[in-house]
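Asker: Could you have a look at this structure, given as structure tokens, before my questions?
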Amino acid sequence: MAQPILETERLLLVLPHADHLPAYARYCASERSVFVGGPFDPIKAFEKLCAMSGHWSMRGFGRFVMVLKATGQPIGHVGALQLDPAELPEMTWTIWEGAFEGKGYAFEAARAYLSQAPDALRTQGMVVRINKDNSRSLRLAERIGAVRDDAAEPPTWMPEAVTYLVKL
């Protein structure tokens, strides 16, 4: 499969690969991963990055790793995953290190992803599930135009989730 790349002013969005594992494993081991069920040990981090990579071949779309153009450093991921094909894809984003938070990278990456999502996903929308205590991600969901769905039941794997809908 040819590697899709999206480009923004400051970022390259690339397919996840082995070179991203050290930065991703540090994120997984940190308290930053608490909103997605972490912290995780190195084996689970490897498994999760492999799943992120394999999602592309299984579904034909997935999550990109955000890489700083200026340095080549991987700083997070953005994109859709779809564990159950009977459900809408889920839009996700994560900044892996606190030093890169609050600089607009996740917003920049999410906008770039959403610009190509209708063609890539062949769907009219996505869900976004965010832990109710993750204030930065809740604000970002609203900044990208997601609409809160208070009638949605949180998934069993994230009972503290708030659900948003993103129309494409």
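The values are calculated or read from the model by the stated rules, or taken from the named source; none is laboratory data. Worth saying up front: this structure is predicted, and the values here are computed from it rather than measured. Neighbour counts are summed over all protein chains in view; Cβ atoms, including those assigned to glycine, are modelled from backbone coordinates with ideal geometry.
Asker: Any idea which of LEU88, LEU13, LEU21 is part of a helix (DSSP H, G or I), among the aliphatic types (A, V, I, L, M) and touching a residue at least 24 places away in the same chain (Cβ under 8 Å)?
Answerer: Details: LEU88 fails: part of a helix (DSSP H, G or I); LEU13 fails: part of a helix (DSSP H, G or I).
Testing whether each residue is part of a helix (DSSP H, G or I), among the aliphatic types (A, V, I, L, M) and touching a residue at least 24 places away in the same chain (Cβ under 8 Å) leaves just LEU21.
Asker: Any residue in region 43-66 that is over 18 Å from LEU12 (Cβ atoms) and in contact (Cβ under 8 Å) with a residue 24 or more places away in the chain sitting within a Cβ distance under 9 Å of a residue that is crowded, with 20+ Cβ neighbours inside 10 Å and of a type in the set (Lys, Arg)? List the pairs, counting only those 6 or more apart or interchain.
Answerer: As it stands, the answer is HIS55/ARG63, since those pairs meet every condition given.
Asker: Then there is this: For residues in region 150-168 being in a loop (DSSP other than H, G, I, E, B) and exposed (fewer than 14 other Cβ atoms within 10 Å of the Cβ), which is farthest from the chain's Cα centre (by Cα)?
Answerer: Within region 150-168, the match that is farthest from the chain's Cα centre (by Cα) is ALA151.
Asker: Of everything in region 121-137, what is assigned to a helix (DSSP H, G or I) and either surrounded by fewer than 18 Cβ atoms within 10 Å (Cβ to Cβ) or in contact with a helix residue (DSSP H, G or I) (Cβ under 6 Å, 6 or more places away or on another chain) (or both)? Give them in sequence order.
Answerer: Start the filter on region 121-137 by keeping residues that are assigned to a helix (DSSP H, G or I), which leaves 121, 135-137.
Residues satisfying the conditions are SER135, ARG136.
Asker: Would you pick out the residues in region 22-49 that are surrounded by fewer than 18 Cβ atoms within 10 Å (Cβ to Cβ) and touching a helix residue (DSSP H, G or I) at 6+ places or on another chain (Cβ under 8 Å)?
Answerer: Residues satisfying the conditions are ALA29, GLY38, PRO39, ASP41, PRO42, LYS44, PHE46.
Asker: If only one of TRP157, TRP93 is aromatic (Phe, Trp, Tyr) and modelled with pLDDT under 90, which one is it?
Answerer: Answer to the check: TRP157.
Asker: Of the conditions (1) modelled with pLDDT of 95 or more; (2) under 25 Å from ILE5 (Cβ atoms); (3) more than 15 Å from the chain's Cα centre (by Cα), VAL128 clears all except one; give me its number.
Answerer: Only one criterion is unmet by VAL128, namely (3).
Asker: Also: Do the conditions hold for ALA117, that is, is it small (Gly, Ala, Ser), under 23 Å from ALA25 (Cα atoms) and surrounded by 15 or more Cβ atoms within 10 Å (Cβ to Cβ)?
Answerer: Against the criterion (small (Gly, Ala, Ser), under 23 Å from ALA25 (Cα atoms) and surrounded by 15 or more Cβ atoms within 10 Å (Cβ to Cβ)), ALA117 does not qualify.
Asker: Which residues, counting only those in region 138-149, are over 19 Å from GLU101 (Cβ atoms), of a type in the set (D, E, K, R) and not in a loop (DSSP other than H, G, I, E, B)?
Answerer: ARG148
Asker: Going by what's in this entry, would GLU101 be described as surrounded by fewer than 18 Cβ atoms within 10 Å (Cβ to Cβ), free of Cβ contacts under 8 Å to residues at least 60 places away in the same chain, closer than 21 Å to GLU9 by Cα and among the acidic types (Asp, Glu)?
Answerer: Yes; evaluated as a whole, the condition is true for this residue.
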